[in-house]
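The values are calculated or read from the model by the stated rules, or taken from the named source; none is laboratory data. What you see is a predicted model; the values in this text were computed from it and never measured. Positions of Cβ are backbone-derived with ideal geometry, glycine not excepted, and every protein chain shown enters the neighbour counts. Each accessible area value is taken on the protein alone, full model and side chains, heavy atoms only, with ligands, DNA and RNA left out. Shrake-Rupley method; radii C 1.70, N 1.55, O 1.52, S 1.80 Å.
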Amino acid sequence: MNAKNKRGNVPDLSVQIGNVRLKNPVLTASGTCGYGREYAPYVDLSRWGGFTTKSVTAEPRAGNPPERLVEVTGGLLNAIGLANVGLERFMAEKVPEIEGLGTAVFVNVAGHCLDDYVKVCRRVDSVADASRGEGIVGIELNVSCPNVADGLQFGTDPARLRELVSAVRAEVTRGVLVVKLSPNVTDITATARAAIMGGADALSMVNTFAGMAIDIETWRPKLANRSGGVSGPAIKPMAVHLVHQVWRDVARDAGVPIIGMGGIRSWRDAVEFMLAGATAVAVGTALFADPRTPEQIIEGLSAYLSERGLSSVGGLVGGCEAEG
Amino acid sequence: MGRILRRHELCRAHFELTFEVEGFPAAVPGQFLQVLCRPPFDDRVGVRFPNNNQTGTDSRSGCEDPGSVLRRPFSIAGVRRNRTCAEVDLLARVVGAGTLYLASLVPGDMLDVMGPMGRGFSMPKPRARALLVAGGVGWAPIGWLGERLSTAGVTCDAICAAATRDLLPVSIIKEPSPDGENTLCVDELARVGIRTMVTTDDGSCGLQGLATDGMKRYLAMCDDSPSLTVYACGPSAMLRAVASMCGDSGIRCELAMERMMGCGMGTCQSCVIRLADDSSAEGWRYGLCCADGPVFRGDQVVWG
């Protein structure tokens, strides 16, 4: 169902992220939709702008002991610990499945040292193709997962981040390279700048906020990992602010698109992120409660543009700074 | 989406919610539903309350938006089908904002459910015997399983346990034996010919003791344990004891487990359970309660 604008035209929802043209700006966030196939019984994945896989690491990872996830007011606190099948099984089993889903896919890559990142990115890029708009179109670099003890440094230190992105950039030639920024920094414009100087095609932001919850009966942290990352509606205003800050101070002039995320559960939230400066958005936590959320957002966006007589979704980007 | 047909109080704490839903897929006992235990989020108005379109706090106390985002898993406690619809039962006990919300629903209200999900109990071979063991709210899938097994010609007995008499989520139609004898005392099971032993921690109904005390007594009397399968649902400590007792006696058992779940469909990787795996150095690997279970064989689970 496509709404038409005042002139009777269907608004153009397609957006450009690096070399890939997405049919609409609504993606889903890493870790919330597995490798995609899990959601196939519930939704038509080909309607999504695309999705981002859970993190892939060089070796398989069992992840953290339970509890791995607890609910907090307005969101979730999780410390899964990058549980995943590892690069070899990902390439052999998951890639063929992903290719058949009819939507654009970003493979999220995480690592513990530069060599691991480079190795995984090289392999994943060998099956990526940004020019076709579906299947694996790019890589999202997880430099900010706050769950794994030594994973934090890449995303919080601009010099190390730039070094990492440069090294990976040299390997990623077929797919789009997206760098996912951590909000757990003093100045996010510094890490955004470092990622762009390292060669990122786009920024996705933000990853989860570091958080903790304690059981007042047992006096123990609720998560086995002690702390984790907070997602969901609770973090939305902070995420919108960070997206806007990076867009205004860094990304706008650099011409680098932002994929905005953090607590999005309706088209209104998506519009807000785009007005702050995001070119595309990603739905995460809300998918758990309702897998239809991305489709509802796509329909809502289209209707919103039509009502306002806007011909394309790109007209929203950074709109909160537009003249009169 | 389900439409609430009725709410039925089972005891001091437990209630049964029955709703009808169109196009409900085939389901087996042990499978679960992911239930939205709060008013659905509505794009137009934010949070929408079930019976009216007002926003904000509902007049029914305790029904403000609890600020929760996730669904909650509930065992399916029964499914009856007619031509177009299925009537589905859920069992709950008020323990927090979500179950308080469920308790507030009245006939006509809508309930947002996803499922059935997960893997349920397996059916034993014909002429097999089964012992059903239910602890507290773990009764939910057990009554329905008993119906299914009985209908399939499996000879069943049951143990139904609770802390005290008025926390038993079943209808007692005849005073249960204080000596742990299996009798036709629980209506839901007597209807399908299943004799039940009731145990309570305080001895206020049936045998005084835990479900596993009752089970010990049952197994001592059972002359046919090689053909027996034990099906259990209840607190984790009970399931562990059931698995250990069955392991010692070489009896097959299946356990319906529970874990905190994020998605219920195998993507979020939060509801992990240690499963025996000889190929790993530790002798176990993490399985997912939602997708690999929630029903596991007793000898699969590695207790932490």
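Restricting to the stretch B:134-219, what percent of DSSP beta bridges are antiparallel, rounded to 5? Intermediate results must be reported in sequence, preceding the final value.
On the way: 2 of 12 bridges.
Antiparallel: roughly 15 percent of the beta bridges in the stretch B:134-219.
Running Debye on the stretch A:227-286 with equal point scatterers at the Cα sites and no solvent, what base-10 log of I(q)/I(0) appears at q = 0.13, 0.15 Å⁻¹?
-0.30, -0.40
Counting only other residues whose beta carbon sits under 13 Å from that of B:Gly262, what net charge do I get with K and R as +1, D and E as -1?
Values: positive: A:Lys54, A:Arg68, B:Arg71, B:Arg72, B:Arg259; negative: A:Glu38, A:Glu67, A:Glu71.
Its environment carries a net charge of +2.
Taking chain A as a Gaussian network, where each spring joins two C-alpha atoms under 10 Å apart, which residue of A:Leu242, A:Leu141, A:Leu69 fluctuates the most?
A:Leu69
Sum up the charges of everything whose Cβ sits under 10 Å from the Cβ of B:Leu184, counting Lys and Arg as +1 and Asp and Glu as -1, but leave B:Leu184 out.
On the way: positive: B:Lys174, B:Arg191, B:Arg195; negative: B:Asp187.
For residues surrounding B:Leu184, the net value is +2.
So, in Å, what gap is there between the alpha-carbon centers of the stretch B:195-220 and the stretch A:172-187?
The distance from the Cα centre of the stretch B:195-220 to that of the stretch A:172-187 comes to 59 Å.
Please work out the FRET efficiency for the pair A:Glu97 and B:Ser177, using the Cβ-Cβ distance as r and a Förster radius of 56 Å; give the result to the nearest 0.05.
Details: r = 55 Å, r/R0 = 0.99.
Efficiency, rounded to the nearest 0.05: 0.50.
Taking DSSP loops as anything outside H, G, I, E and B, show the longest stretch in chain A free of GluC sites (Glu not before Pro) there with at most 14 other beta carbons within 10 Å. Kindly include the intermediate steps, with their values, before the conclusion.
Numbers: sites that count: A:Glu217, A:Glu323.
Between exposed loop sites, the widest span is A:1-216.
Which residues, if any, in the stretch A:271-303 lose at least 10 square angstrom of accessible heavy-atom surface (probe 1.4 Å) when the other protein chains sit next to their chain rather than the chain being alone?
Hits at the 10 Å² cut-off: A:Thr285, A:Phe288, A:Ala289, A:Pro291, A:Arg292, A:Gln296.
Measure off 7 Å from each Cα along the Cα-to-Cβ vector at A:Arg47 and B:Met221, then give the distance between these two points in nanometres to one decimal.
Here the modelled spin labels are 5.7 nm apart.
What is the antiparallel percent of DSSP beta bridges lying wholly in the protein assembly as shown, to the nearest 5? Walk me through the numbers before you get to the answer.
Working: 57 of 115 bridges.
Close to 50 percent.
Using only the alpha carbons of the stretch B:139-267, what is the convex hull's orientation-averaged projected area in square nanometres? Display every interim value, and only then the final one.
Details: hull surface 34.7 nm².
Taking the Cα atoms of the stretch B:139-267, their convex hull projects to 8.7 nm² on average.
List the equivalent ellipsoid semi-axes of the stretch A:37-148 in whole Å, largest first, each obtained as the square root of 5λ for an eigenvalue λ of the Cα gyration tensor.
Values: eigenvalues 109, 77, 31 Å².
Semi-axes, largest first: 23, 20, 12 Å.
How high is the FRET efficiency from B:Ala281 to B:Ala237, r the C-beta distance, R0 35 Å, rounded to 0.05? Walk me through the numbers on the way to the answer.
Working: r = 28 Å, r/R0 = 0.81.
Here the calculated transfer efficiency is 0.80.
Over all pairs of distinct alpha carbons, what does the Kirkwood formula give as the hydrodynamic radius of chain A, in Å? Walk me through the numbers on the way to the answer.
Working: mean 1/r = 0.0514 Å⁻¹.
About 19.4 Å, per the Kirkwood formula over Cα pairs.
Please tell me the relative contact order of chain B in percent, rounded to the nearest whole number, where contacts are Cα pairs under 8 Å and at least six residues apart.
On the way: 713 pairs, mean separation 50.7, N = 304.
Over chain B, the number comes to 17 percent.
From the helices alone, meaning DSSP H stretches of at least four residues, give me the mean residue ellipticity at 222 nm for chain A, per-run term -39500 (n - 2.57), in deg cm²/dmol to the nearest 500.
On the way: 10 runs with 88 residues, N = 324.
That calculation yields -7500 deg cm²/dmol at 222 nm.
Counting alpha carbon pairs within less than 8 Å and at least 6 residues apart, what relative contact order, in whole percent, applies to the stretch B:209-260? Intermediate values should be presented prior to the final figure.
Working: 43 pairs, mean separation 20.4, N = 52.
Reported relative contact order: 39 percent.
Accessible area of the protein assembly as shown with a 1.4 Å probe: how many percent of it is carbon plus sulfur? Mind dumping the intermediate values first?
Values: 12110 of 25030 Å².
Carbon and sulfur together cover 48 percent of it.
Based on the inverse mean of 1/r over its pairs of different Cα atoms, what is the Kirkwood hydrodynamic radius of the protein assembly as shown, in Å?
Numbers: mean 1/r = 0.0384 Å⁻¹.
The answer is 26.1 Å.
Put a dot 7 Å past each Cα toward the Cβ at A:Arg292 and A:Glu217; how far apart are the dots in nm?
3.6 nm
List, by residue number, every residue in the stretch B:260-286 with a reduction of 40 Å² or greater in accessible area between the chain on its own and the complete protein assembly, 1.4 Å probe.
At a threshold of 40 Å² (probe 1.4 Å), the residues of the stretch B:260-286 that become less exposed are B:Met260, B:Met265, B:Thr267, B:Cys268, B:Gln269, B:Ser270, B:Val272, B:Tyr286.
Could you give me D for the stretch A:183-324, from Stokes-Einstein at 25 °C and 0.890 mPa s, where the hydrodynamic radius is the Kirkwood radius over C-alpha pairs? Units µm² s⁻¹, please.
On the way: Rh = 16.2 Å.
For the chosen part, D equals 151 µm²/s.
Give me the accessible area buried between chains B and A, both sides summed, with a 1.4 Å probe, in Å² rounded to the nearest 100. Show your work: numbers first, answer last.
Numbers: alone 14070 and 13410 Å², together 25030 Å².
Looking at B and A, the buried total is near 2500 Å².
Under 14 Å from the Cβ of B:Asp248, count the other residues' Cβ atoms, weight Lys and Arg +1, Asp and Glu -1, and hand me the total. Don't skip to the answer; put the middle values down first.
Numbers: positive: B:Lys216, B:Arg240, B:Arg252; negative: B:Asp299.
Net charge around B:Asp248: +2.
Taking 7 Å along the Cα-to-C-beta vector as the label spot, tell me the B:Val95-B:Arg127 distance in nanometres, rounded to one decimal.
Result: 4.2 nm between the two label points.
If contacts are Cα pairs under 8 angstrom and at least 6 residues apart, what is the relative contact order of chain A in percent?
Values: 805 pairs, mean separation 70.7, N = 324.
Averaging sequence separation for qualifying contacts and normalising by length gives 22 percent for chain A.
Calculate how many DSSP beta bridges within the stretch A:197-324 are antiparallel, expressed in % of all such bridges and rounded to the nearest 5.
On the way: 4 of 10 bridges.
Roughly 40 percent of the beta bridges in the stretch A:197-324 run antiparallel, per DSSP.
Per residue of the stretch A:38-53, what does 6.51 cos²θ - 1.76 cosθ + 1.60 with θ = phi - 60° give for ³J(HN,Hα)? Whole Hz please, x for Gly and Pro, Karplus curve as stated.
Calculated HN-Hα couplings, in order: 4, 8, 4, x, 9, 9, 8, 4, 5, 7, 5, x, x, 9, 10, 6 Hz.
More than 31 Å apart: what percent of Cα pairs in chain B qualify? Mind dumping the intermediate values first?
Details: 14106 of 46056 pairs.
Taking all Cα-Cα pairs of chain B, the fraction more than 31 Å apart is 31 percent.
Starting from the Kirkwood radius over alpha-carbon pairs of the stretch B:65-165, derive D by Stokes-Einstein at 25 °C in a medium of 0.890 mPa s and give it in µm² s⁻¹. Provide the component values of the computation, followed by the final result.
On the way: Rh = 15.9 Å.
This corresponds to a translational diffusion coefficient of 154 µm²/s.
Roll a 1.4 Å probe over the protein chains and send me the accessible area per residue for the protein assembly as shown in Å².
Working: 25030 Å² over 628 residues.
The answer is 40 Å² per residue.
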